[in-house]
Amino acid sequence: MNHCYWMRGLAAAMLLSPALAPAADLTVSAAASLTNAFNEIGKAYEQAQPGTRVLFNFGSSGALLQQISRGAPVDLFATADAETMDRAHKQNLIMSGTRGDFVSNKLVVVVPAHSRLQVSALADLARPEVQRIGIGTPESVPAGRYAREALELAGQWGPLKDKYIFGQNVRQVLDYVARGEVDAGFVYVTDAALMKDRVKVALRAEVKQPIRYPIAVVRGAGNGKAARSFVSFVQSDAGQKILAKYGFANP
């Protein structure tokens, strides 16, 4: 799965070199959990703005930030957490006044659809029959950072440390669970909804603050006008309707 994201990102990078990218191209780097919703929003935006092509690069928010900091040609940045966008701001990578939250999400623990595990609290993950727990790498994956926070609040982060199987983005963790490679995993409720036939939600994981997704125009964007227009479309009734269809909530 991660290979797919990498190849997609590489293809986007090749297409977006200054010598090749048409002026109407808009490049959006977005959190992996936004993949399905943003692909549909991108198509709707292209229909509303003839002549504009939206190119997406999906991955973990932290990895995308690293790409932007290294000069990747990106117009718009959407993360699954405030912390990553705060880091982008501190590094002077986003344009002042363009940042805004556009959706919220919830963190859940999922198990394979046919699992007989009874997991009703995070403490249940300590049971011996739970041998592997999928979690995004906290240093770069917001869902992993939220999972660590939830486990810390429950007093389980340390005790479960030998069970963690780390994923490079939330969709990879979802795949781990769907394939039965882990006994349980932390993903967003929007991710779980995409594989209702292969995973089931065991419980909601509580975190300190609501999980909100910010979006901002990247400083030095080659197509800043389209980037602002795309943000407006995402925040419009049409954009919010698409996001809601995939389970995202109003921020």
> Of all residues in region 146-175, how many are buried (at least 24 other Cβ atoms within 10 Å of the Cβ), under 19 Å from Phe58 (Cα atoms) and of a type in the set (A, V, I, L, M, F, W, C)?
Replying inline: 3
> Restricting the search to region 56-73, which residues are in a loop (DSSP other than H, G, I, E, B) and without any contact (Cβ under 8 Å) to a residue 40 or more places away in the chain?
Replying inline: Arg70, Gly71
> Residues in region 74-82: is at least one touching a residue at least 12 places away in the same chain (Cβ under 8 Å), part of a helix (DSSP H, G or I), closer than 30 Å to Gly42 by Cβ and in the same structural domain as Ala30 (by TED's automatic domain parsing)?
Replying inline: yes
> Filter region 154-165 for residues that are among the aliphatic types (A, V, I, L, M) and either modelled with pLDDT under 95 or under 14 Å from Pro138 (Cβ atoms) (or both); which is farthest from the chain's Cα centre (by Cα)?
Replying inline: Leu160
>> For region 131-185, give me each residue that is over 16 Å from Val201 (Cα atoms) and of a type in the set (Phe, Trp, Tyr).
In response: Tyr146, Trp157, Tyr164, Phe166
> For region 21-55, which residues satisfy the criterion of being charged (D, E, K, R) and either within 20 Å of Asp237 (Cα to Cα) or without any contact (Cβ under 8 Å) to a residue 24 or more places away in the chain (or both)?
Replying inline: Glu40, Lys43, Glu46
> Quick check: anything in region 135-145 buried (at least 21 other Cβ atoms within 10 Å of the Cβ), in contact (Cβ under 8 Å) with a residue 40 or more places away in the chain, among the charged types (D, E, K, R) and within 23 Å of Asp197 (Cα to Cα)?
Replying inline: no
>> Going residue by residue through region 92-102, is there one that turns out to be under 19 Å from Ala143 (Cα atoms), modelled with pLDDT of 95 or more, surrounded by fewer than 21 Cβ atoms within 10 Å (Cβ to Cβ) and within 20 Å of the chain's Cα centre (by Cα)?
In response: yes
>> Among the residues in region 104-115, are any over 23 Å from the mean Cα position of the chain (by Cα), surrounded by fewer than 23 Cβ atoms within 10 Å (Cβ to Cβ) and not small (Gly, Ala, Ser)?
In response: yes
> Does region 204-219 hold any residues that are surrounded by 15 or more Cβ atoms within 10 Å (Cβ to Cβ) and either modelled with pLDDT under 95 or of a type outside the set (Val, Ile, Thr) (or both), and which are they?
Replying inline: Ala205, Arg212, Tyr213, Pro214, Ala216, Arg219
>> Based on this model, can you work out whether Arg53 counts as in contact with an Asp or Glu (Cβ under 6 Å, 6 or more places away or on another chain) and either under 23 Å from Leu107 (Cβ atoms) or surrounded by fewer than 22 Cβ atoms within 10 Å (Cβ to Cβ) (or both)?
In response: yes
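The values are calculated or read from the model by the stated rules, or taken from the named source; none is laboratory data. Since the model is a prediction, treat every value here as computed from it, not as a measurement. Reconstructed Cβ throughout: ideal geometry from the backbone, glycine too, with neighbour counts over all protein chains shown.
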